[in-house]
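Notes follow once the structure below has been shown.
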Ligand code: SF4
């Protein structure tokens with residue numbers, strides 16, 4: 001049994017049709033989600049490394065805590081991350 005390395009990254013995605021704009025996700029994952037002047041989320045488009053466990057946990061809290069189920073986590077492979085740079 002060895003240590004599994006977490007490679008790749010993730011981004012949070014919001015469905016703007018479902019989002020109610022109360023900004024609860026910002027409270028749950030402030031390092032990943034900012035809000036605009038109306039309370040709608042502005043989410044970092046730059047992938048966050050999966051090895052950043054604190055941010056990944058925050059993203060999972062935000063997804064679980066979204067009252068409209070408007071958020072999801074999209075995994076990004078290392079290859080796709082490299083291509084984005
Ligand atoms: S918690 Fe969900 S519904 Fe509320 S602002 Fe964030 S994405 Fe939109």
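Each reported figure results from applying straightforward, stated rules to the coordinates on display, with no laboratory input. Treat the numbers as computed from the prediction; the structure is a model and nothing was measured. When we count neighbours, we look across all protein chains shown, and the Cβ atoms used for this are built from the backbone with ideal geometry, even at glycine.
The alpha-carbon atoms of segment 19-84 define a convex hull whose volume equals 79 cubic angstrom per residue. For the chain, the longest principal axis of the alpha carbon atoms and the long axis of helix 53-65 meet at an angle near 40°. Segment residue 77..residue 27, full-extension length gain: 15.3 nm, with 0.36 nm per residue of separation and the alpha-carbon distance subtracted.
Using a cutoff of 8 angstrom between alpha carbon atoms and counting only pairs six or more residues apart, the relative contact order for the chain works out to 43 percent.
Model label points for residue 60 and residue 17, set 7 angstrom from Cα along the Cα-to-Cβ axis, are 2.9 nm apart. Of the peptides 60-73, 33-46, the ranking by mean beta-carbon count within 10 Å, highest at the top, reads 60-73, 33-46.
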